[in-house]
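Undergrad: One structure, pasted below without further comment.
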Amino acid sequence: MDSKVLGLTLDNVRSQVPLVHCITNYVTVNDCANALLACGGSPIMSDEPEDVADITSICGGLVLNIGTLNKRSIEGMHVAGARAGELGHTIVLDPVGAGASALRTKTAADLIDTLPITVVRGNMSEVKTIAGTAAATRGVDVNPDDAVTEDNLAASASFARELASKLGCVVAITGAIDIVASADRTVAIRNGVATMGKITGTGCMLTCVVAAYAVANPDDVFGATVAAIAGHGLAGEVAAARMTPADGNGSFRTYLLDAICNMTAEQLMAGAKIEEL
Amino acid sequence: MDSKVLGLTLDNVRSQVPLVHCITNYVTVNDCANALLACGGSPIMSDEPEDVADITSICGGLVLNIGTLNKRSIEGMHVAGARAGELGHTIVLDPVGAGASALRTKTAADLIDTLPITVVRGNMSEVKTIAGTAAATRGVDVNPDDAVTEDNLAASASFARELASKLGCVVAITGAIDIVASADRTVAIRNGVATMGKITGTGCMLTCVVAAYAVANPDDVFGATVAAIAGHGLAGEVAAARMTPADGNGSFRTYLLDAICNMTAEQLMAGAKIEEL
Amino acid sequence: MDSKVLGLTLDNVRSQVPLVHCITNYVTVNDCANALLACGGSPIMSDEPEDVADITSICGGLVLNIGTLNKRSIEGMHVAGARAGELGHTIVLDPVGAGASALRTKTAADLIDTLPITVVRGNMSEVKTIAGTAAATRGVDVNPDDAVTEDNLAASASFARELASKLGCVVAITGAIDIVASADRTVAIRNGVATMGKITGTGCMLTCVVAAYAVANPDDVFGATVAAIAGHGLAGEVAAARMTPADGNGSFRTYLLDAICNMTAEQLMAGAKIEEL
């Protein structure tokens, strides 16, 4: 991926301040809002079916995150998604815990079947569930058997590309190695640190940031997704480098937001580890 | 405003530890609870209609914040508000996103029509919506066209005073310049820093702190509101002064709570920038 | 309590990474998730009745925290609890605000009556409410009249032991002095600092950590509860020792998570202040 394009992608977010409507879980929602602000976007949350169509109408993008879903919020997702679809808005789906419960699996499938999803971002267990090829999901974390490794990278990339082709959207599978695929393009990203798994919500935050990047870069959603994911991993690296012996996951969470907030185009261009597959 | 009164207002919060019932959005609720504890109050959250009357009865004040409202929580606001009204409790309304959706606009109007609201605190777009003179709201942020500036300060103050007179409550409009108005008094406050807009929830937190100040100073709700707002802005200044190059909005959020927590009467008296209009 | 057992109890959590399903309030849920990750466990949150049975089935333990309860989440607690009971999972009840409202008091009683609760953890006002001997609850904080002191320690321990015997579970009453009781054993724990009351959620976080410890140490739930509570108080002491003059409750919250995250078996063995009564 061209390095200057990568930097421009970030700068577009900062200059356009994309407003993103998030229907997301109540566990990590505050971090999602602050991550959106940190990256240069602006958040608004609403899940009441009677409220969401109006709210999504004033936004540029919509995040649907199915963690802590309930019947009301599921209805809200469909109402908001339908309006966002009519308006041609970016819709990013985060299938948190798909495979861990029948309701989550069904909800993810229904949203994909009925809405023009732009990007799906999840871990490999969740994405395999969506593709109907899942083994087992360990709650909201990836099943270790599903993890993308150097050994299964080519096969994982093929899987992602085929799913992207089938769904007609960008598929982003994040983990130790991230994969972003469209029907005709696949990249691997090797940014990030294991410490990111020691705080809740890094995936949820990333999904929101992907939405902001996609809204601000409508002509290249694939590139926007790659930039957002590489930048998020890089922010994790910056945060990890600040850790002192007394620091733990409380400080890491703060440093991660700080790093997203201070990320520059130059820093992203220099630090992104993106490989075309 | 008399400086000693200002300091006493803060000390009253710390000595009385006012218990504040908050029906508020799930995005910033944790920051609201910690801000209440930081300023010297004590929070309790409850939004279930069957729970709220009991809970509000043991408190001194009630915050109604309509961010992430839903039908159940709206009902809870009315039930809690009715009981709080019977008991003569302070009720502070934060009309988050009024103007951004029909449901939020209607809910804010209904609450104002039916409850004895003590203080309304919002940004100018939200408050204009309440007054029925709104142009357009940009989600949960103020429309730049609505912002209070030195140029429109006199007109903004008149607007606020007239609305306060009409509603029979204190009206607080916060932004780069804050305005607090009652039917016969108006002040401008020039504390605060722009960084406060880079984290979610500074407004929501402030609304809760205003409630704590009003509960602890029942004979001067206007002065309590002014003190709370000046103190919040001053805390933002203290937080901003602690920022290092590696710090971003994650650290700023922490520093803001710290500054609220450590604020003294002397500090508030020395740092508040309050102008009678 | 044997010091080596204490250390082993902690190490078991870190090596087993117990997955804990939490139905908990939206005020402190993010801190609960991060506390679980910090102590070595893994969190998953779900409260929708149609979702909870599946989710709890893949976990080892269940936390039921009645703060910000609503009718849907109460139903979710019963559905999840019934499944957890069938599976022999650890169930930890946190009766937040029992005594402060009829709904909370009734909900806590119903959960205790119908589910095989493993541990109850609350402040003395909440636990007295459960025992039917409560005076008055001050919201979510203990009524000062109820606080455990050196003067009433023996009587408080008897009360706890009798309740534990009656309920057939471990009873943990936390405060300045913590008491953990089963039918035939009682200990007092004197770790912790008063600053812990200046942030929201230390109790909620502790309840989740207790669950993780109990899941990872199924043969000694009593010892696991003691270890979790001593460790939590000790983490508070470590956090307090890091405080600088500019730090307030924002920083304390971060330091507390950090201290939980970095706690070692050696540190716990050296710092725990546990007295058999």
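Undergrad: Simple spin-label model, 7 Å along Cα-to-Cβ: A:Asp184 to B:Ala109 in nm?
TA: Between A:Asp184 and B:Ala109, the simple spin-label model gives 5.2 nm.
Undergrad: Additional query: Using the 7 Å Cα-to-Cβ label point, sort the distances from B:Lys166 to its equivalents in the other copies shortest first and give them in nm to one decimal.
TA: 5.8, 5.8
Undergrad: Mean Kyte-Doolittle of at least -0.5 plus a Cα span of 27 Å or more along the axis: flag which DSSP H helices in chain B meet both, please.
TA: The qualifying helices are B:221-242.
Undergrad: Here is a further query. Do me a favour and compute the ellipsoid semi-axes for the protein assembly as shown from its Cα gyration tensor, root of five times each eigenvalue, largest one first, whole Å. Numbers along the way, then the final one.
TA: Numbers: eigenvalues 265, 264, 119 Å².
So the three semi-axes of the protein assembly as shown are 36, 36, 24 Å.
Undergrad: Here's another thing I want to ask about it. Set Lys and Arg Cβ to +1 and Asp and Glu Cβ to -1, take the dipole of chain A about its Cα centre, and tell me which of A:Val17, A:Gly192, A:Ala160 lies farthest positive.
TA: A:Gly192
Undergrad: Let me ask you something else. Could you pull the copy-to-copy label distances for A:Leu87, with points set 7 Å along Cα to Cβ, in nm to one decimal and sorted shortest first?
TA: 4.0, 4.0
Undergrad: Determine which lysines satisfy two conditions relative to A:Lys273: a Cα distance under 27 Å, and not lying fewer than 8 residues away in the same chain.
TA: A:Lys4, A:Lys128, A:Lys198
Undergrad: How shielded is B:198-210 by partner chains, expressed as the average number of their Cβ atoms within 10 Å of its Cβ atoms? Provide the component values of the computation, followed by the final result.
TA: Details: counts 6, 7, 13, 3, 0, 0, 0, 0, 0, 0, 0, 0, 0.
What the average comes to for B:198-210 is 2.
Undergrad: Considering amide H positions built from the backbone, and no H for Pro or chain starts, which residues 5 or more places from A:Ile177, or on another chain, come under 5 Å of its amide H?
TA: A:Val148
Undergrad: Right, next: In terms of modelled amide H atoms, which long-range or inter-chain residues lie less than 5 Å from the amide H of B:Thr186?
TA: Amide H to amide H, under 5 Å and 5 or more residues apart or across chains, B:Thr186 pairs with B:Leu277.
Undergrad: What net charge is computed for the residues neighbouring A:Leu153, neighbours being all others with C-beta under 12 Å from the C-beta of A:Leu153, Lys and Arg scored +1, Asp and Glu -1?
TA: Neighbourhood net charge equals -3.
Undergrad: Per residue of A:235-244, how many C-beta atoms from partner chains lie within 10 Å of its own C-beta, taken as a mean?
TA: Mean number of neighbouring Cβ atoms from other chains: 1.
Undergrad: Could I ask something else about it? Tell me, how many Å apart are the Cα centres for the range A:13-57 and for the range C:207-235?
TA: Centre-to-centre distance over Cα atoms comes out at 37 Å.
Undergrad: For the range A:16-83, how big is the tail of P(r) above 15 Å, as a whole percent of Cα pairs?
TA: In whole percent, the long-distance tail amounts to 45.
Undergrad: Follow-up question, since we're still on this one. Report the charge-dipole magnitude of the protein assembly as shown in Debye, nearest 20, computed about the Cα centre from +1 at each Lys and Arg Cβ and -1 at each Asp and Glu Cβ. Provide the component values of the computation, followed by the final result.
TA: On the way: 54 positive and 90 negative charges, 37 e Å.
Dipole about the Cα centre, nearest 20: 180 debye.
Undergrad: Can you give the net charge of the other residues whose Cβ lies under 11 Å from the Cβ of A:Asp31, counting K and R as +1 and D and E as -1?
TA: Taking every other residue near A:Asp31 into account, the sum is +2.
Undergrad: Right, next: Using only alpha carbon pairs under 8 Å that are at least six residues apart, calculate the relative contact order of the range C:82-231 and give it in whole percent.
TA: Normalised by residue count, the contact order of the range C:82-231 is 20 percent.
Undergrad: Which of rounded, prolate, oblate describes chain C, given a ≥ b ≥ c as roots of the alpha-carbon gyration tensor eigenvalues and a/c under 1.5 marking rounded, otherwise prolate only if a/b is larger than b/c?
TA: Values: a/c = 1.28, a/b = 1.14, b/c = 1.12.
It comes out rounded by the Cα gyration axes.
Undergrad: Can you give the relative contact order of chain C as a percent, counting alpha carbon pairs under 8 Å and 6+ residues apart?
TA: Answer for chain C is 22 percent.
Undergrad: Another question, then. Is there a quick way to get the dipole size of chain C? I mean about its Cα centre, with the Cβ of Lys and Arg at +1 and of Asp and Glu at -1; what is the value in debye to the nearest 20? All intermediate terms of the calculation are to be shown ahead of the outcome.
TA: Working: 18 positive and 30 negative charges, 62 e Å.
Taking the Cα centre of chain C as origin, the dipole is about 300 debye.
Undergrad: Still on this structure, please answer the following. Among the lysines, which have Cα under 16 Å from the Cα of B:Lys71 when same-chain residues fewer than 8 positions away are ignored?
TA: Those lysines meeting the cut-off are A:Lys71, B:Lys106, C:Lys71.
Undergrad: Could you grab the relative contact order for the range A:153-225? Cα pairs under 8 Å, six or more apart, rounded to a whole percent.
TA: On the way: 84 pairs, mean separation 16.2, N = 73.
It comes to 22 percent, rounded to a whole number.
Undergrad: If you don't mind, another one. Is the range B:1-148 rounded, prolate or oblate when judged by the Cα gyration tensor, a ≥ b ≥ c being the square roots of its eigenvalues, rounded requiring a/c under 1.5 and prolate requiring a/b larger than b/c?
TA: oblate
Undergrad: Still on this structure, I have one more. If you take each beta carbon of peptide B:35-44 and count the beta carbons of other chains within 10 angstrom, what is the mean?
TA: Counting other chains' Cβ atoms within 10 Å and averaging over B:35-44 gives 4.
Undergrad: Please give, to one decimal in nm, the separation of the simple spin-label points placed at A:Arg72 and B:Leu277, each 7 Å out from Cα toward the Cβ.
TA: So the two model labels end up 3.7 nm from each other.
Undergrad: If the label for A:Ala131 sits 7 angstrom from Cα along the Cα-to-Cβ line, what are its distances to the same label in every other copy, in nm to one decimal, shortest first?
TA: 5.8, 5.8
Undergrad: Compute the Cα gyration tensor for the range C:125-277, then decide on rounded, prolate or oblate, letting a ≥ b ≥ c be the square roots of its eigenvalues: rounded whenever a/c is under 1.5, prolate when a/b is larger than b/c in the other cases, and oblate in all that remain.
TA: It is oblate, given that a/c is not under 1.5 and a/b is not larger than b/c.
Undergrad: Can you pull the percent of Cα pairs in the range B:176-241 with separation above 14 Å?
TA: Of all Cα-Cα distances in the range B:176-241, 57 percent exceed 14 Å.
Undergrad: If you add up the charges near B:Leu206, with Lys and Arg at +1 and Asp and Glu at -1, over every other residue whose beta carbon is less than 11 angstrom from its beta carbon, what do you get?
TA: -2
Computed from the coordinates by the stated procedures, all read-outs in this text should not be read as laboratory data. This structure is a prediction, so every number in the text was calculated from the model and none was measured. We place every Cβ from the backbone using ideal geometry, glycine too, and count neighbours over all the protein chains shown.
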